[in-house]
Amino acid sequence: MSDNTPNSKKIEALLAKKKAHAASLNVDELSSKIFAGDFKALSETITLIESTNQQKSEIGQAVVAKCLNKNTDAIRIGITGVPGVGKSTFIESFGLYLVNKGLKVAVMAIDPSSEKSHGSILGDKTRMNKLAVHPNAFIRPTASSGSLGGVARNTRETIFLCEAAGFDIILIETVGVGQSETAVHSMTDFFLLLMLAGAGDELQGIKRGIMEMADAILITKADGENVKMANMARSEYKNALHLFPANDNEWIPKVETVSSIETRGIEKAWDIVDAFNRLTISNGSKQANRNQQEVYWMNETVKENLLKEFYQTDGIEAELTKIQSELIDGKITSYRAAEKIIKYYHERKRTI
């Protein structure tokens, strides 16, 4: 007996609408709309590439393929820093400064930590109230329950889509702390490290590993009583940067102070990015860096797909459990255990 209640009819109508919409998805149409700067088509395509549905994902990938190298003048800026450094506040102030200069700005984030928190970065859009409603800004909060590799791949493809949609500046924020810095560095032109003055080495323990990657360091919250401390930190970091090897791109990393609340230092931050961009274009290192990144991500994608294929092999789970027991019981070494499971994998592939 069919359910004819009003709610049931609404649900059926909604499902029918969604089904009809999915069937109408067209690669050429989505691409054309993105080239025209259509935010809705852009959002829809990003959703497609993030989808676990193979058919939808393939449509998204086809659109991405059409969007490659459509706007190579865009500047990709990675932004990182410890929790509490004021990344969202800085991004809003910086983004508003850029859109008021007539530039189009897209903001996205990499958050591998959301595998546990299930979407902690979704608050970013609400924390950037003014930027979020600006007609020349696009903020894409993305929660992931997958691997860092998956998050990074989606982010890279989103960059291509945003560039094709005419965005001049792409800001990629790291929300998690750790591997995400390396991932963001490997998909951006300019890497910006935000630091707090006087927060102590315990809080800023990550700085030693990522300072070498930074093209600029901004000491945030340089307002009120913090100004003196921020200026001292600026001098210390400038001295520390001299200890690092010179960059191949001829750029000398800069250190400045900034107050996002008072919007002081924001213009100087843009001047640094602009100078970097002009230098790396003139000496060819911007394109050379992007070429290296493409090769890097090709290899990373190969590794990720091979690993996925490995764990999806029929019988591999049971074999892994058996070999792990032998390993834990001390019957074999971890090296021999790995050899055995790889041998099993190859044998299974030959029989398929």
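Read the figures in this text as sums done on the coordinates, not as results from a lab. Every value quoted in this text rests on a predicted model; they were computed, and no experiment measured them. For neighbour counting, all protein chains shown are included, and Cβ atoms are generated from backbone atoms with ideal geometry for every residue, glycine included.
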Virtual paramagnetic centre 7 Å along Cα→Cβ of Leu279, amide N under 15 Å, in the range 236-263: 238, 241-256
Summed side-chain charge close to Asp168 - residues other than Asp168 whose Cβ falls under 15 Å, Lys, Arg +1, Asp, Glu -1: +2
Unsatisfied cross-links (Cα-Cα over 32 Å) in the set Lys101/Lys228; Lys268/Lys303; Lys254/Lys308; Lys130/Lys228: Lys268/Lys303; Lys254/Lys308
Spacing of the two label points (7 Å from each Cα toward its C-beta) at Gln312 and Asp271, in nm: 5.3
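As an exercise, use a Förster radius of 25 Å and the Cβ-Cβ distance of Ala65 and Asn247 to find the FRET efficiency, rounded to the nearest 0.05.
Working: r = 32 Å, r/R0 = 1.29.
Efficiency for this residue pair is about 0.20.
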Proximal aspartates and glutamates relative to Lys40, as straight alpha-carbon distance under 13 Å, when same-chain residues fewer than 8 apart are discounted: Glu29
